[in-house]
1. Within the set of pairs 6+ apart or on separate chains, which have a first residue in region 251-269 that is within 13 Å of Val173 (Cα to Cα) and assigned to a helix (DSSP H, G or I), a second that is hydroxyl-bearing (Ser, Thr, Tyr) and modelled with pLDDT of 95 or more, and C-beta atoms under 8 Å apart?
2. Could you please find all residues in region 218-250 being of a type in the set (Val, Ile, Thr) and not in a helix (DSSP H, G or I)?
3. Restricted to region 273-317, and to residues that are among the β-branched types (Val, Ile, Thr) and touching a Pro at 6+ places or on another chain (Cβ under 8 Å), which residue is farthest from Leu263 (Cα to Cα)?
4. Checking the structure you have, find out if any residue of region 55-76 is among the basic types (Lys, Arg), in contact with a Phe, Trp or Tyr (Cβ under 9 Å, 6 or more places away or on another chain), buried (at least 16 other Cβ atoms within 10 Å of the Cβ) and in contact (Cβ under 8 Å) with a residue 12 or more places away in the chain.
5. Is it true that some residue in region 78-85 is at pLDDT 95 or above, over 27 Å from Pro300 (Cβ atoms) and surrounded by fewer than 23 Cβ atoms within 10 Å (Cβ to Cβ)?
6. Considering only residues that are touching a helix residue (DSSP H, G or I) at 6+ places or on another chain (Cβ under 6 Å) and buried (at least 21 other Cβ atoms within 10 Å of the Cβ), which ones fall in region 207-222?
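The values are calculated or read from the model by the stated rules, or taken from the named source; none is laboratory data. Here the structure is a predicted model, which is why all the values come from computation and not from measurement. Methodologically, a virtual Cβ is constructed for each residue, glycine included, from the backbone with ideal geometry; neighbour enumeration extends over all protein chains shown.
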Amino acid sequence: MLLGLVVLCAFHSLAAEPVAIQLTWVHQAQFAGYYLAEEHGYYHEEGFDITLLEGGPGIDKIDLLLAGEVHFCVDSIENLLLRREAGDDVVAVMVSFQRNPLVFVAKTDSGISTPEDCVGGSAAILGADYADVQFYAMLDRLGLDGGTVTCSDYDFAHAAFYSDEVDLTLAYVNGGLIRMRTDGYDVVTLWPGDYGVNLYADALITTREMIQNRPEIVEGVVRATIRGWEDAVLDPEGSIGSILSYAVDSDEDTQRAMIYATLPLLTLGTNPVGWMNTEIWSQMINMMTQYGVIAALINPQASYDMRFLEAIYDERD
């Protein structure tokens with residue numbers, strides 16, 4: 001009997017289909033849903049032997065996807081739209097964050113607490129995830145002149161910001177903002193979403209070819225990943241051990257702060273985890289066209305595919 005169980009387990013292990021997901025950044029709490037889906041066996045239940053590949057500077061996630069080196073990647077909506085404009089048929093099948101983690105940061109004693117206070121100031125926001133597009137869109141929606149703000153390159157170390165050479169910088173609420181406050185800086189944040197500028201973040205992306213030829217893989221990965229994120233919501237403390245088993249920064253307090261900052265980003269309004277809608281996609285595309293990131297309007301419905309999310313949530317009803 002024992003031998004039979006060993007053989008059966010070995011068979012299932014061999015039968016599991018290898019699936020690789022390229023993450024957008026280094027291993028950290030930002031990807032907790034993926035870690036929990038793996039550690040809780042959800043990918044395995046779908047028949048997959050999953051590999052979660054660490055991202056970072058210089059790694060073009062969509063290039064790896066198109067080269068067939070990975071089956072999925074996690075990347076920004078901005079990069080997806082740029083690649084679609086270039087003719088690459090890549091498609092989002094879910095998003096991790098319905099609320100974008102990017103915020104603009106000012107020191108509390110700077111006198112800046114609203115977008116109106118930014119007029120005539122300076123900001124280190126260029127060259128990082130098209131943060132300047134969100135910044136100008138935020139000001140424009142309030143009828144403010146973004147041309148009065150002197151913008152310079154974003155610096156990951158925030159040197160110009162810390163030395164008061166610029167009034168504003170950007171940070172991510174589940175990353176750099178935590179480290180900034182841990183280092184003792186008292187700051188206020190301006191969240192573009194609070195002013196009607198909504199961009200999804202961390203889309204799970206695959207190719208149209210994968211959707212057409214292997215839809216069962218796409219649906220299985222989406223289903224398992226949703227379950228992982230739902231577990232993180234239900235038990236944030238319980239997710240920390242899984243995060244630390246992957247995280248480059250193994251400081252438990254940092255990863256705890258990151259997961260608690262990440263979870264509010266998952267849903268917007270009453271939408272379930274992973275959900276997307278045409279209104280937000282259209283806003284993102286219009287904004288990127290208006291500010292010259294892409295040259296022409298892209299069909300929003302071709303940029304994402306809801307069939308898997310709809311099927312998964314329909315099965316629960």
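1. From residues that are within 13 Å of Val173 (Cα to Cα) and assigned to a helix (DSSP H, G or I), the pairs are Ile259/Ser239; Leu265/Ser96.
2. Once the filter is applied, which keeps residues that are of a type in the set (Val, Ile, Thr) and not in a helix (DSSP H, G or I), region 218-250 yields only Val248.
3. Ile285
4. Just the residues of region 55-76 that are among the basic types (Lys, Arg), to begin with: 61.
Those left that are additionally in contact with a Phe, Trp or Tyr (Cβ under 9 Å, 6 or more places away or on another chain): none.
Within region 55-76, not a single residue is among the basic types (Lys, Arg), in contact with a Phe, Trp or Tyr (Cβ under 9 Å, 6 or more places away or on another chain), buried (at least 16 other Cβ atoms within 10 Å of the Cβ) and in contact (Cβ under 8 Å) with a residue 12 or more places away in the chain.
5. Looking for residues that are at pLDDT 95 or above, over 27 Å from Pro300 (Cβ atoms) and surrounded by fewer than 23 Cβ atoms within 10 Å (Cβ to Cβ), one finds none in region 78-85, hence no.
6. Scanning region 207-222 gives Val218, Val222.
So that you can scan it fast, the table gives a plain yes or no per residue for (1) farther than 21 Å from Gly193 by Cα; (2) over 25 Å from the mean Cα position of the chain (by Cα); (3) of a type outside the set (Val, Ile, Thr); (4) outside the structural domain of Met276 (by TED's automatic domain parsing):
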residue: Leu80; (1), (2), (3), (4): no, no, yes, no
residue: Glu85; (1), (2), (3), (4): yes, no, yes, no
residue: Lys107; (1), (2), (3), (4): no, yes, yes, yes
residue: Pro115; (1), (2), (3), (4): no, no, yes, yes
residue: Gly127; (1), (2), (3), (4): no, no, yes, yes
residue: Asp155; (1), (2), (3), (4): yes, no, yes, yes
